[in-house]
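Undergrad: Submitted below is the structure of interest, expressed as structure tokens.
The values are calculated or read from the model by the stated rules, or taken from the named source; none is laboratory data. Please read these numbers as outputs of a predicted model, since none were measured by experiment. Cβ atoms come from the backbone with ideal geometry, glycine included; neighbour counts cover every protein chain shown. Side chains included, ligands, DNA and RNA excluded: accessible areas come from the protein's heavy atoms. Shrake-Rupley method; radii C 1.70, N 1.55, O 1.52, S 1.80 Å.
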Amino acid sequence: MVEVELESAEQRILDAAEELFYGRGIQSVGMDAIRAASGVPLKRLYQIFPSKDALVEAYLKRRDARWLQDLARYVDVHDSPAQRILAVFDWLYRWFSESDYRGCGFINSFGELGATSQAVAGIAKAHKEAFRRYVADLVAAADAPAWLTDQLVPLAEGAMTTAAISGSPEPARHAKDAARTLLRAARADVATAA
């Protein structure tokens with residue numbers, strides 16, 4: 001029973017942290033705001049997360065796992081390897097269309113704390129590297145040249161930032177169009193090499 005209560009309190013804290021950190025920014029949200037939003041007493045909050053830094057790290061790690069799982073779940077249902085690559089951009093469009101979209105939580109946290117927190121910088125870099133590996137696996141499954149990964153990833157990353165600043169999901173569609181062009185070039189490259 002105690003373990004269930006701990007898990008429930010931890011989830012409520014992380015849910016509140018995700019909403020507040022992502023919505024307002026990490027530095028502008030204090031532990032008292034997390035306490036109020038989660039309904040977990042401050043003493044209990046600090047028993048679970050001894051510092052704000054520990055909470056920020058837990059929030060980012062959970063966000064990383066959820067983000068990558070949601071992306072893979074959406075992309076993996078598509079039939080062909082090329083469709084799976086393009087589906088990344090469709091998924092981004094859906095994400096950018098959410099009413100609370102305000103950019104990539106990892107880019108945002110790195111911008112806020114990357115210069116002063118090695119932990120935040122490391123988690124953000126690890127997330128971006130995991131995304132790159134995911135795209136590289138999609139490219140390899142499509143029998144496309146490795147250079148395609150190095151061009152698709154910045155398209156997706158740029159779309160994330162542009163969508164946040166513009167308040168429009170359209171950068172995902174523009175990036176998808178560019179990805180389609182790059183896929184055609186990759187196929188031509190493979191055909192020429194054969």
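Undergrad: In degrees between 0 and 90, to the nearest 10, how far off the longest principal axis of the chain does helix 2-24 point, with axes built from Cα atoms?
TA: Taking the Cα atoms of the chain, the angle to 2-24 is about 60 degrees.
Undergrad: Given the range 1-115, report the % of alpha carbon pairs whose separation exceeds 22 Å. Display every interim value, and only then the final one.
TA: On the way: 2802 of 6555 pairs.
So the pairs more than 22 Å apart make up 43 percent of the total in the range 1-115.
Undergrad: Please work out the average accessible area per residue across the range 36-194, using the 1.4 Å probe convention, and give it in Å².
TA: Details: 8140 Å² over 159 residues.
Result: 51 Å² of accessible area for each residue.
Undergrad: When you count, for each residue, the other Cβ atoms within 10 Å and take the mean per peptide, how do 175-182, 92-99 rank with the highest first? List each step's numbers first, then the result.
TA: Working: 175-182: 17.1, 92-99: 15.0.
Ranking the peptides 175-182, 92-99 by packing returns 175-182, 92-99.
Undergrad: Give me the one-decimal nm value for the distance between modelled label points at ASP143 and ARG187, 7 Å along each residue's Cα-to-Cβ direction.
TA: 1.2
Undergrad: Output the relative contact order of the chain, whole-number percent, from Cα pairs under 8 angstrom with separation of 6+ residues. Don't skip to the answer; put the middle values down first.
TA: Working: 182 pairs, mean separation 39.9, N = 194.
With pairs under 8 Å counted, the relative contact order is 21 percent.
Undergrad: Sorting check: for 118-125, 14-21, which peptide has the highest mean count of neighbouring beta carbons within 10 Å, and how do the rest follow?
TA: Working: 118-125: 16.5, 14-21: 20.2.
Descending mean neighbour count gives 14-21, 118-125.
Undergrad: Using a Gaussian network for the chain with springs between C-alpha atoms less than 10 Å apart, which of these wobbles most: LEU68, LEU152, LEU60?
TA: LEU68
Undergrad: If I model a spin label as a point 7 Å beyond the Cα along the Cα-Cβ vector, how far apart are those points for THR116 and ARG180 in nm?
TA: 4.5
Undergrad: Also, I was wondering about something else. Whenever you get a sec, compute what percent of the accessible area on the chain sits on carbon and sulfur atoms (1.4 Å probe). Can you show the working numbers first?
TA: Numbers: 5420 of 10170 Å².
Exposed carbon and sulfur together represent 53 percent of the surface.
Undergrad: With the contact rule set at Cα under 8 Å and sequence spacing of 6 or more, what percent relative contact order holds for the range 113-194?
TA: Details: 44 pairs, mean separation 19.4, N = 82.
Dividing the mean separation by the residue count of the range 113-194 yields 24 percent.
Undergrad: For helix 118-141, report the angle its Cα long axis makes with the longest principal axis of the Cα atoms of the chain; keep it between 0 and 90° and round to the nearest 10°.
TA: 30
Undergrad: Rounded, prolate or oblate for the range 36-99? Axes are the square roots of the Cα gyration tensor eigenvalues, ordered a ≥ b ≥ c, and the cut-off for rounded is a/c under 1.5. Let's see the in-between values first.
TA: Details: a/c = 4.21, a/b = 2.89, b/c = 1.46.
Note, shape of the range 36-99 comes out prolate.
Undergrad: With N set to the residue count of the range 50-194, report its C-alpha Rg divided by 2.2 N^0.38 Å to two decimal places.
TA: Working: Rg = 16.1 Å, N = 145, 2.2 N^0.38 = 14.6 Å.
Cα Rg divided by the expected 2.2 N^0.38 Å: 1.11.
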